[in-house]
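**Q** I am attaching a structure below and will ask some questions about it afterwards.
The values are calculated or read from the model by the stated rules, or taken from the named source; none is laboratory data. Values in this document were obtained by computation on a predicted structure and should not be read as measured data. Cβ: placed from backbone, ideal geometry, glycine included. Neighbour counts: every protein chain shown. To get the accessible areas, we keep the full protein, side chains included, count just its heavy atoms, and leave off ligands, DNA and RNA. Shrake-Rupley method; radii C 1.70, N 1.55, O 1.52, S 1.80 Å.
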Amino acid sequence: MKNQNLEIIRHSCSHVMAAAVLKLFPKVKLGIGPAIKDGFYYDFEFPKPITEDDLEKITNQMIQVIEADLSFEKKEVSVAEAKKIFKNQPYKLELIEDLVKEDHKKVSIYKTGEFIDLCVGPHVKKTSEIGPFKLLSLAGAYWRGSEKNKMLTRIYGTCFPTEKELEKYLWQIEEAKKRDHRKIGKELGLWTFSEYVGAGLPLFTQKGALVRRLINEFVEELQSKQGITQVWTPQIAKAELFKISGHYDKYRENMFHVKSNYSDEEFFLKPMNCPQHIQIYASEPRSYKDLPIRLADFAMLYRDEKPGELSGLTRARSFSQDDCHIFCREDQVDEEVDKALEMTKEIMKVFGFKYRYRLSTRDPKHPEKYIGDPKTWDKVEKWTEKIMIRNKIDHFDGPGEATFYAPKMDLIAQDSLGREWQLSTLQIDFLMPERFNLTYTDNKGQSARTVMLHRAILGSPERLMAILIEHHAGALPVWLSPVQAIVIPITEKQNAYGEKLLEKLQLQNIRVKLDNRGETTSAKIRDAELQKIPYILVVGDKEIQEKAVNVRVRGEKVLGLMATDKFLALVKEDIDKKRQV
Ligand SMILES: [Zn+2]
Ligand SMILES: [Zn+2]
C-alpha cells in the first residue's frame, strides 16, 4: 500500500511539472510522465533546448501550482472531444490513435487547474497532497524509446511524503556519486581498462587481484567445510553443448562467438559453468550412494553486454562467479538448499550486508520465454516459498524474473546507503538434467533422474568488490585491504628502524609498506589516508627507545604509542575476525 501511495504522489508530481513547463514554455509538446523506481519523469519537446539552470524556474512554478491547492479531476470524454482538447499536442494525439485502435470509445483525462493530461490515473485529490519534491536532471530520450523517433528532453525528479525522506534520498545520491567504485577503484589502483584490450574487460593490478583472491579464498574455505571442492573447465565450448542446454536458442545474443582456423565448428566463450559441470557429472555412471556431488568453479565467464550498458565492475564483459552445482536426489534437495542458505548467512554477516530473497518466477504474460513442463515450474515455484518460510528468511515475489529454465531465489543485499544489489542466485533445476539426460542408479537398481542445484552466494567476486568499495567508501575491512599498515619514519634517522619493523610485520603475514620518501610526516599521513590504509605507524626516536609504534587508525583516529607486539596482536585479531576499523 505504501509503495502505491508513493507512486501516486510521484505521478501526480509529474503532472504538476508538466503544468509548470507548459505555463513557462507554452509551445512545448508533451510526451508522457510516469512514476519510476526512485521518482518520476516527464518527456517534452521544447521549441528551444533548455538547460539545468531552467530547473529552478520550473521548480518555482511548480511550487505555485502546489500552493494553489488545485484538485485533480478525472473525466471520461469521447475520442472526438479528446482530439479537440489535445489538438496542439501531436504525441498525445498519437496515443489517442492507439486507444482508438484498441477499440476505446472513451478517453480518460485528468484536469489540474488549466492543465489537462491524457491519463487513467490514479492521482491524489489535491496538489497539496503532493509531498516535497526535487527536480534532479535532464536527459535525452527517444519518443517511445525508439531511435527512429524524435529525441525528446526528459526531466527527472523525485518526490517523497516527508522532507526527511527526500533529504535522505538526496544524501544517498550525493554519497553514491562520491563512492562510485569506478572513481575509487582508480584512486586506489585496483584495476584498469585498456582500449586495446576492450571495453568491459577489466585488468586487475596486483592490489586488485589480491582483493579478488582474498574474497575467493574466503568462500573456498567455507565451501570446503561443506565438502564442496573445485573443478576446472575450459573457457570455450562447442555450440552443440549450448544447443542442448538451450542457451544457443535463448541466450545467444549474450554470448561471444569463437571460430577455429581448422574447422567450421562453432564455439562460444562460456557465459556460465552449468553445461560444463553437467559433462563432468555425466562422465561416469552415478549411484544413489555417490550423491550429492558438489562441483565448484571460479572460472572466468564472458557475456557480450551492450557497450552502452557497461559500467565498471558492476556490468563487465568478463567476470567470474563463486559458482557451484550440486547434483543430487530429489530427497536431498532441501538439506542442500538449507546448507547453502546457512553459508549465505555467514558470508553476508562478514560483509555486513542485510539481505532478503526475491522469489523470481515466470512472467505470466509471456509463457513462450520459458522451456520445460509448466507443472514442474509450478512445483518448484511453490517449493522455493516453503524453503524461505522454513529458514525464516525475508523474501518477496518477483514475477517475470525467472531464467528461461527455472525459477530462482535471488539474493538481494542492502548496502550502507540503503541501496539494493542482486548478488547471487539459488536454483532448483529439473530441466537441465532432463535435457542432458542426467541419471543415477537408485537403491532398487533403477535409473532415476538427477536434480541439479545452481548456487552462487557472492555472485561475482569482481562485482562484489565494486559493491564493497561503495559500501565502505573505499575503506575496505582490514582483512581485505591490499596494504594493511604503513610505516612512516619521521626523519631518515628512523629509516633503519622502519625497515626492521617492516620485516617483522611481514614475517607475521601483515601486508605492510614503508614510506621512506623525503616528504613531511603530515604529507605521508595524508597520502596513506587517501590510500585508505587501515593502520598508519609513525616512528620517531621515542618509538625506537620503547620498541613501539605510534598508531593512527584510518579516519584520523589516533591510538598513540603502542608496543610493537601489542600492535601485532591487535591487527592479527582484526584479520582473523575479518574486522573493519
Ligand atoms: Zn496521470
Ligand atoms: Zn548454473
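**Q** Determine, for each peptide in 572-579, 282-289, 257-264, the mean count of other beta carbons within 10 angstrom over its residues, then list the peptides with the highest first. Mind dumping the intermediate values first?
**A** Numbers: 572-579: 14.4, 282-289: 12.2, 257-264: 9.0.
The densest-packed peptide leads the list: 572-579, 282-289, 257-264.
**Q** In deg cm²/dmol, rounded to 500, what helix-only [θ] at 222 nm does the chain give when every DSSP H run of at least 4 residues adds -39500 (n - 2.57) and the total is split over its residues?
**A** The helix-only estimate for the chain comes to -11000 deg cm²/dmol at 222 nm.
**Q** Could you give the length gained by full extension between Lys557 and Arg449, i.e. 0.36 nm per residue of separation minus their alpha carbon distance, to one decimal place? List each step's numbers first, then the result.
**A** Values: separation 108, 0.36 × 108 = 38.88 nm, distance 6.00 nm.
Extra length from Lys557 to Arg449 when fully extended: 32.9 nm.
**Q** A follow-up question, please. Treating cross-link reach as a plain straight distance, find the lysines whose alpha-carbon is under 22 Å from the alpha-carbon of Lys345, omitting any fewer than eight places away in the same chain.
**A** Within reach: Lys225, Lys354, Lys386, Lys392, Lys408, Lys577, Lys578.
**Q** Quick one: grab the alpha carbon gyration tensor of the chain, order the square roots of its eigenvalues as a ≥ b ≥ c, and give me rounded if a/c is under 1.5, else prolate or oblate depending on whether a/b is larger than b/c. The partial results should precede the final answer.
**A** Values: a/c = 2.20, a/b = 1.24, b/c = 1.78.
Judged from the Cα gyration tensor, the chain comes out oblate (a/c at least 1.5, b/c at or above a/b).
**Q** Beyond 26 Å between alpha-carbons counts as too far, so tell me which of Lys207/Lys238; Lys178/Lys207; Lys29/Lys177; Lys270/Lys379; Lys524/Lys547 fall in that bin.
**A** Details: Lys207/Lys238 35 Å; Lys178/Lys207 21 Å; Lys29/Lys177 33 Å; Lys270/Lys379 30 Å; Lys524/Lys547 22 Å.
Those over the limit are Lys207/Lys238; Lys29/Lys177; Lys270/Lys379.
**Q** Which of the aspartates and glutamates could be linked to Lys250 by a straight reach, that is with a Cα gap under 18 Å, when you skip same-chain ones fewer than 8 residues away?
**A** Glu240, Glu266, Asp304, Glu305, Asp363, Glu368, Asp373, Glu401, Asp429, Glu434
**Q** FRET efficiency for Ser71 and Val100, Cβ-Cβ distance as r, R0 = 25 Å, nearest 0.05? Write out the running numbers ahead of the final one.
**A** On the way: r = 29 Å, r/R0 = 1.15.
Calculated transfer efficiency: 0.30.
**Q** Separate question: Return the carbon/sulfur percentage of the accessible area of the stretch 233-367, one whole number, probe 1.4 Å, all protein chains in place. Each step should come with its number before you reach the end.
**A** Working: 3140 of 6390 Å².
Looking at the stretch 233-367 in its full context, I get 49 percent from C and S.
**Q** Another one. Under a point-charge model restricted to the Cβ atoms of Lys and Arg (+1) and Asp and Glu (-1), what is the dipole moment magnitude of the stretch 458-521 relative to its Cα centre, in debye to the nearest 20? Please list the in-between numbers first.
**A** Values: 7 positive and 7 negative charges, 31 e Å.
Magnitude of the dipole: close to 140 debye.
**Q** Within 10 Å, count the other beta carbons around each residue, average over each peptide in 293-305, 47-59, 517-529, and list them highest first.
**A** Details: 293-305: 18.6, 47-59: 12.8, 517-529: 14.5.
For the peptides 293-305, 47-59, 517-529, the packing ranking is 293-305, 517-529, 47-59.
**Q** How big is the gap, in Å, between the Cα center of the stretch 397-456 and the Cα center of the stretch 527-574?
**A** 47
**Q** Sort the following peptides by mean Cβ neighbour count (other Cβ atoms within 10 Å, averaged over residues), highest first: 390-400, 26-36, 10-20. If you can, show how the numbers build up before the last one.
**A** Details: 390-400: 12.9, 26-36: 17.5, 10-20: 25.7.
Averaged packing, sorted descending, gives the order 10-20, 26-36, 390-400.
**Q** Still on this structure, please answer the following. Measuring from a point 7 Å past the Cα of Asn391 along Cα-to-C-beta, which residues in the stretch 452-475 have an amide N at less than 20 Å?
**A** Only 452-461, 464 pass the distance filter.
**Q** Put +1 on the Cβ of each Lys and Arg and -1 on the Cβ of each Asp and Glu in the stretch 15-54; which of Thr51, Val28, Tyr41 then has its Cα farthest toward the positive end of the dipole?
**A** Val28
**Q** No partner Cβ under 4.7 angstrom, meaning no disulfide-compatible partner by this rule: which Cys of the chain qualify?
**A** Lone cysteines by the Cβ rule: Cys119, Cys274, Cys324, Cys328.
**Q** Accessible area of the stretch 1-156 with a 1.4 Å probe: how many percent of it is carbon plus sulfur? If you can, show how the numbers build up before the last one.
**A** Numbers: 4530 of 8710 Å².
It is 52 percent, rounded to a whole number.
**Q** Computed FRET efficiency, Cβ-Cβ of Tyr142 and Lys493, R0 60 Å: what is it to the nearest 0.05?
**A** Numbers: r = 67 Å, r/R0 = 1.12.
Computed FRET efficiency for Tyr142 and Lys493 comes out at 0.35.
**Q** Using alpha carbons only, how many angstrom separate the centre of the stretch 112-174 from the centre of the stretch 8-59?
**A** 7
**Q** Which ³J(HN,Hα) values, rounded to whole Hz and listed in residue order, are derived for the stretch 356-361 from phi using the Karplus coefficients 6.51, -1.76 and 1.60 in 6.51 cos²θ - 1.76 cosθ + 1.60 with θ = phi - 60°, glycine and proline given as x?
**A** Coupling constants for the stretch 356-361: 9, 10, 9, 8, 8, 10 Hz.
**Q** On average, how much accessible surface per residue is there in the chain, in Å², for a 1.4 Å probe, leaving out ligands, DNA and RNA? Before the final figure, lay out the partial values.
**A** Numbers: 29340 Å² over 581 residues.
Per-residue value: 50 Å².
**Q** Please get the size of the charge dipole for the chain, origin at its Cα centre, with Cβ charges of +1 on Lys and Arg and -1 on Asp and Glu, quoted in debye to the nearest 20. Write out the running numbers ahead of the final one.
**A** On the way: 92 positive and 87 negative charges, 111 e Å.
With Lys and Arg at +1 and Asp and Glu at -1, about 540 debye.
**Q** Between Gln506 and Val258, what length in nm is gained on full extension when 0.36 nm per residue of separation is reduced by their alpha carbon distance?
**A** Values: separation 248, 0.36 × 248 = 89.28 nm, distance 4.47 nm.
The Gln506-Val258 span can extend by a further 84.8 nm.
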